[in-house]
Amino acid sequence: VATVPLSFVVPAGSTTGTFTATTTPVLTAVDANVRATYGAIGPLVALRVVKDLIPPTISVAAPAPNREYVEGQAAKIQVQATVTDADSGVKRVWAEFDGESYEMALAAGVWSAQIAVPFIDGTQDATKELVVRAEDITGNIGSAAPVPVIIKPVLDNAAPTIAWSCLTTGAMFPVGYA
C-alpha cells in the first residue's frame, strides 16, 4: 500500500526532515509502519494512508450575484475565487459561463479569469449563471453555487434617418424619386 524510503538524512543543524511516500489507491484507511531512529532511540509509528474523497472548497468573491453588464461591452466580467483543498491540493480551477469554459489563473492566493460580456437577443435583460469549479490532485471536482449575472441588451430607440443632398442648385430628382 505504501512504499517509504529505507532511510533518509536529516540535514546538519536541522531537527526535521521530509521524505516521499509512494502509495497505491486504497478504499479505506491503511497504516504503514515507519521507524525513525536517532542514535539508539527508534520509536515505531504508524503512517496512515487514506484516500482523498473530499472535493475542493470554493468561495466566489466576484462577480457579486445579480451584477449587471451591458452586452458586448469592452469591460470584462471579472471572476475571482478562493479555492482550498486540505487533502491533496488544488490541481485546476475554471469558470463556466454561457456554454463556455474559462481556465482560471492563481495569483496571490486568488484564482481569477476575465470573461467577455456576451451579446444577447431581444430587448429584455437576460440572467445567465456563472459556475466556478475546481479539481484536486486526486480528481475530485467541487462546484460553487451558481452566481446569477444579468446581461442588459443595447437598446437603440432612435429610428435611422436619411438626408438627401444635391450639389447643384435647382437639381431635380428623376421621375418617381420625389
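The values are calculated or read from the model by the stated rules, or taken from the named source; none is laboratory data. Please read these numbers as outputs of a predicted model, since none were measured by experiment. Neighbour counts run over all protein chains shown; Cβ positions are idealised from the backbone, glycine included. Accessible surface areas use protein heavy atoms only, side chains included; no ligands, DNA or RNA. Shrake-Rupley method; radii C 1.70, N 1.55, O 1.52, S 1.80 Å.
Could you tell me the relative contact order of the stretch 108-178? Use alpha-carbon pairs under 8 Å, at least six residues apart, and round to a whole percent.
With pairs under 8 Å counted, the relative contact order is 28 percent.
Work out the FRET efficiency for Ala46 and Lys91 from their Cβ-Cβ distance, taking R0 = 45 Å, and round it to the nearest 0.05.
Using R0 = 45 Å, I get an efficiency of 0.95.
Straight distance only, please: which lysines reach the Cα of Lys51 with their own Cα at less than 30 Å, same-chain residues fewer than 8 apart left out?
Partners found: Lys91.
Give me D for the chain in µm² s⁻¹, whole number, from Stokes-Einstein with Rh from the Kirkwood sum over alpha-carbon pairs, 4 °C and 1.567 mPa s.
Approximately 59 µm²/s, per Stokes-Einstein.
List the relative contact order of the chain as a percent without decimals, with contacts defined as Cα pairs under 8 Å and 6+ residues apart.
19 percent
Around Lys152, with a cut-off of 9 angstrom between Cβ atoms, what is the net charge of the other residues, counting Lys and Arg +1 and Asp and Glu -1?
So the surrounding residues net to -3.
Could you please state how large a percent of the accessible area of the chain is carbon and sulfur, counting protein chains only and using a 1.4 Å probe?
57 percent
Find out how many positive minus negative residues lie around Ser143, taking Lys and Arg as positive, Asp and Glu as negative, among other residues whose Cβ is under 10 Å from that of Ser143.
Once positives and negatives cancel, what remains is 0.
Please list, by residue number, every one of the trypsin sites (Lys or Arg not before Pro) in the stretch 86-178 that is coil in DSSP and has at most 16 other beta-carbon atoms within 10 Å.
Hits after loop and neighbour filter: nothing returned.
How far apart, in nm, are the 7 Å Cα→Cβ label points at Asp31 and Ser143?
The answer from the label model is 4.0 nm.
Around Phe97, what is the net charge, scoring Lys/Arg as +1 and Asp/Glu as -1 over all other residues with Cβ under 9 Å from its Cβ?
Residues close to Phe97 contribute a combined charge of -3.
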